[in-house]
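Below is one structure, written out as structure tokens, with a few remarks after it.
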Amino acid sequence: MSKPKLALYWASSCGGCEIAVVDLEAKILDVAGFFEIVLWPCVMDFKYKDIEALPDGDITLCLFNGAIRTSENEHLAKMLRAKSKVMVAFGSCAGDGAIPSLANFYDKDSIYEYVFKTCPSLEESSRGVYPETKTTMPEGEIEIPVFWETVKTLDQVIDVDYYIPGCPPQTFQIAAAVEAVIDILQNGKPLPPKGTVLGAGDKTCCDDCTRVKSEKKIKKFYRPQDIITDPEQCLLEQGIVCMGPATRNGCEALCMKANMGCRGCYGPPEGVLDQGAKMVSALSSVIDAQNPEDAKKIIDTIADPLGTFYRFSMASSILRRVQKKNNK
């Protein structure tokens, strides 16, 4: 019998999810032994035309990481959805938009203006030279992907079966999820309910954090380099922005163990629609303010509140993106 087929693809991402898979170390041999890997652009040389030639549903499992921000990302997402029995949004970018979707605080025109015209590192001769999606050359027409106005999550473009959160997903969680899939396929077990978040819990990161929590109120927020924190006390109560109250558990609170506030990469916990709004709600319980003016002064000590609260979930939030000035 032929092996079940596995595809791994990266869209708008940094490559960290690929590194996390490679970090499976010896377990990657179990994956390679059980599956026939038919697509993994970061690691192996495959051609899109080979995937296009496969029958629909021929790929057993697709781990798709990265947000959708170009026409190429969209094309591959739709093609792999058609070819795959099980589609997994792998990592924060695919699941919630993550860092790429911070671009949704701007519009395409302003991004292009900065990147191709006003960026200080640009050579003078390159300023104002914008990319064209199609260019005619002696060898033929060159086509590059169309840059989208809005960065989207994978499930805003195609139907997704399961989610594995994290930036990147923790290797031990990847191993557990892959082993579960292999067990299901080998032994004919039923798949989890559609929409299940794999490799994570259904509580908050605070539930996994062993730091002591009290009722202390705070009057100022600090950046990590500006304060020596108590390694036993809740970071948020010490004035370090920690997204633990608004973040799904499953990473074993690794950032807090390293004396850093949770960044929020596992996305909102079960039942929370908007991670940023949940964090604002959590902060309201620790800010020591008697009136709106005092509250604003305290919030103003947070560097980049929107970028902090929506660092990993802008595309999946209620906000989705800022509106263009001309309302288009």
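Rule-based calculations on the coordinates, nothing more; no lab input. Since this is a predicted model, take the numbers as computed values, not measurements. Cβ sites come from the backbone with ideal geometry, for glycine too, and all protein chains shown count toward neighbours.
Each residue, Cys42 and Arg127, gets one label point 7 Å from its Cα in the Cβ direction; the gap between the two is 3.7 nm.
Amide hydrogen proximity for Tyr222: with H placed 1.01 Å from N in the peptide plane, the residues at 5 or more positions away or on another chain lying under 5 Å are Ile240, Val241.
Placing pseudo-labels 7 Å out from each Cα toward the beta carbon at Lys27 and Lys296 gives an inter-label distance of 5.0 nm. Normalised by the number of residues in segment 265-328, the average gap of Cα pairs under 8 Å and 6 or more apart makes the relative contact order 43 percent.
Taking the Cα centre of the chain as reference, the dipole from Cβ charges on Lys and Arg (+1) and Asp and Glu (-1) amounts to some 760 debye. For Tyr310, Tyr266, the sequence from fewest to most other C-beta atoms within 10 Å is Tyr310, Tyr266.
State which entries of Lys78/Lys194; Lys47/Lys194; Lys5/Lys83; Lys85/Lys189; Lys5/Lys189 exceed 20 angstrom in Cα-Cα distance in the structure shown. Beyond 20 Å: Lys47/Lys194.
Structural descriptor for the chain: relative contact order 18 percent, calculated from alpha carbon pairs under 8 angstrom and at least 6 residues apart.
Phi-derived couplings, Karplus 6.51 cos²θ - 1.76 cosθ + 1.60 at θ = phi - 60°, listed residue by residue for segment 197-203: 8, 8, x, 7, x, 10, 10 Hz, with x used for Gly and Pro.
What is the sum of charges around Leu154, taking Lys and Arg as +1, Asp and Glu as -1, for the other residues whose C-beta is under 13 Å from the C-beta of Leu154? Every neighbour counted, the sum reads -1.
By other beta-carbon atoms within 10 Å, ranking Phe309, Phe64, Phe105 with the fewest at the front produces Phe105, Phe309, Phe64. The H on the amide N of Thr204, modeled in the peptide plane, is under 5 Å from the matching H of Asn249, each at least 5 residues off or on a different chain.
Taking the inverse of the mean reciprocal distance over all distinct Cα pairs, the Kirkwood hydrodynamic radius of segment 101-148 comes to 12.5 Å. Membrane-span-like helices in the chain (whole DSSP H runs, Cα extent of at least 20 Å along the helix axis, mean Kyte-Doolittle hydropathy of at least 0.0): 171-187.
Peptides 147-156, 288-297 ranked from most to least packed by the mean count of surrounding Cβ atoms within 10 Å: 147-156, 288-297. 3J(HN,Hα) along segment 114-131, derived from phi through the Karplus expression 6.51 cos²θ - 1.76 cosθ + 1.60 where θ = phi - 60°, amounts to 6, 5, 10, 9, 9, 4, x, 7, 5, 5, 4, 5, 9, 5, x, 8, 9, x Hz, with x in place of Gly and Pro.
The DSSP beta bridges internal to the chain are antiparallel in roughly 30% of cases. Residues Phe221, Phe312, Phe90, Phe172 in ascending order of nearby Cβ atoms (within 10 Å, fewest first): Phe172, Phe221, Phe312, Phe90.
Remark: relative contact order (segment 200-241) = 44 percent; criterion is Cα-Cα distance under 8 angstrom and separation of 6 or more residues.
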